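Report on the following structure.
Nothing in this text is a laboratory measurement; each read-out follows from the coordinates by a stated rule. This structure is a prediction, so every number in the text was calculated from the model and none was measured. Methodologically, a virtual Cβ is constructed for each residue, glycine included, from the backbone with ideal geometry; neighbour enumeration extends over all protein chains shown.
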Amino acid sequence: MHRLAAGLAALSSLLLAASGAQAQQRPGVAVSVGGRAQVQYGTTSIGEAELGEDAPASNTFEARRIRLRVDLDVGDWITARIQPDFAQGDLRLADAWIDFGLSDYLNFKVGQFRRSFSLIELTSSSTLPTIERGVRIAGLDDYVGGVPGELYAVLDASGYVGRDLGASLRGGTERFDWELGVFNGEGADERDVNGEKTVAGRFSVAPAADAPLRLAAALTRRDTPGEDGWAYEVDAEWGAFGSPGVHLLAEAAIGDDLTSATDARFSGAQAILSWLGRLSGDRFEAVELVGRASWADPNDDVEGDDGLLLTPGVNLYVFGRNRIMAGWDVYLPAGDALETQNGFRAQAQVYF
């Protein structure tokens, strides 16, 4: 309750400050306020038979993300964002960065933001065709006895993806762009605990001006006390969010498994394929059919720990990013030691 009260107080203060800034209309400064709410209902097939009395609830509602976003434009060459998250009644900081437009082709960014690694990670949760970036069946980590065999879960467990405190240089044109960043390596809202830094770099290119295809390659090195390793990935995107027709997001990655005490390696791939069609009704403007497959081997020293995640889904769009989503995660573990598990998930999303 104390965390919730503090979060609501911070939300009120931020809204008042943003409203005041807009009302003042200072020369050279533009302020805009936005946000999102994502409320979910989820189920799991994992129960007391698999985990005993510590098994998760078979179904539950949750506020997945409740975010307020304040964007600033200063002097036509500086932009900034502050974006707290109030989900679960707890106050956390998602984004807090300042971006300096040094020229038409070069930007310098400092603060807390996503490292430039993994197409699925860099795609906003408000535009991703699937509800989650990877498998999120309650109790699955405990059921498999470690990291599930699914690419995003593997990258997240080793700390290769996510928000971090640092700085980056970014440049390019419409046909190609690049970004190179240096970060603490400890994750969101955390100061560094040693003098070593985590690096991440990414380069993407549109091979043809008349085709909606973009190809990219990225690498990252994470360095924290007792953990250091490299990860590499290639990805491709065809189409775009909100465009009728086919939209494909695909990536493959390899690297050092930082969850293991040995010099183990991981590998994996994920692809999300969707098709969006326009509707002529009064309440919904589009429907989107979604399919996802994600495979990973979390540790090449361990036999039978790989798995496959399959996710069929459907999304109904009211307008823009406002939508109702549903998806069914089916996790198929390798070998015969574990059984297939699944979970249904539905989400209502408001974006403004």
(request) Determine the distance separating the Cα centre of region 153-226 from the Cα centre of region 43-67; give it in Å without decimals. (result) 32 Å
(message) Considering all alpha-carbon pairs of region 103-142, what whole percent are spaced by more than 15 angstrom?
(response) 62 percent
(message) Over the chain, with a Gaussian network built from C-alpha contacts below 10 Å, which listed residue (Pro84, Pro225, Pro27) shows the highest mean-square fluctuation?
(response) Pro27
(request) Could you tally the net charge around Gly111, taking each other residue with its Cβ under 12 Å from the Cβ of Gly111, Lys/Arg +1 and Asp/Glu -1? (result) 0
(message) Can you compute the FRET efficiency between Asp228 and Phe284 using 1/(1 + (r/R0)^6), with r the Cβ-Cβ distance and R0 = 56 Å? Round to the nearest 0.05.
(response) 0.70
(request) Taking the Cβ of each residue in Val302, Val161 as the centre, tally the other Cβ atoms inside 10 Å and list the residues starting with the fewest. (result) Val302, Val161
(request) Under a 10 Å cutoff between Cα atoms, tell me which one of Arg64, Arg292, Arg283 has the largest fluctuation in the Gaussian network model of the chain. (result) Arg283
(request) May I have the pair-distance distribution P(r) for region 216-352, computed from all Cα-Cα distances with 5 Å bins from 0 and rounded to whole percent? (result) 2, 9, 14, 15, 16, 14, 13, 9, 5, 2, 1, 0
(request) Would you tally the net charge around Gly101, using a Cβ to Cβ cut-off of less than 13 Å, leaving Gly101 out, and scoring K and R as +1, D and E as -1? (result) -2
(message) Rounded to two decimal places and with Rh computed the Kirkwood way over Cα pairs, what is Rg over Rh for the chain?
(response) 0.96
(message) So, R0 is 30 Å and r is the distance between the beta-carbons of Leu310 and Asp210; what FRET efficiency does that work out to, to 0.05?
(response) 0.35
(message) Test of understanding: in a Gaussian network model of the chain with alpha carbons linked when under 10 Å, which of Asp210, Asp99, Asp257 would top the mean-square fluctuation ranking?
(response) Asp210
(request) Starting with the fewest neighbours, write out Glu237, Glu251 ranked by other beta-carbon atoms found within 10 Å of each beta-carbon. (result) Glu237, Glu251
(request) Give me Ser124, Ser158, Ser260 ranked fewest to most by other Cβ atoms within 10 Å of their Cβ, as a rough exposure proxy. (result) Ser124, Ser260, Ser158
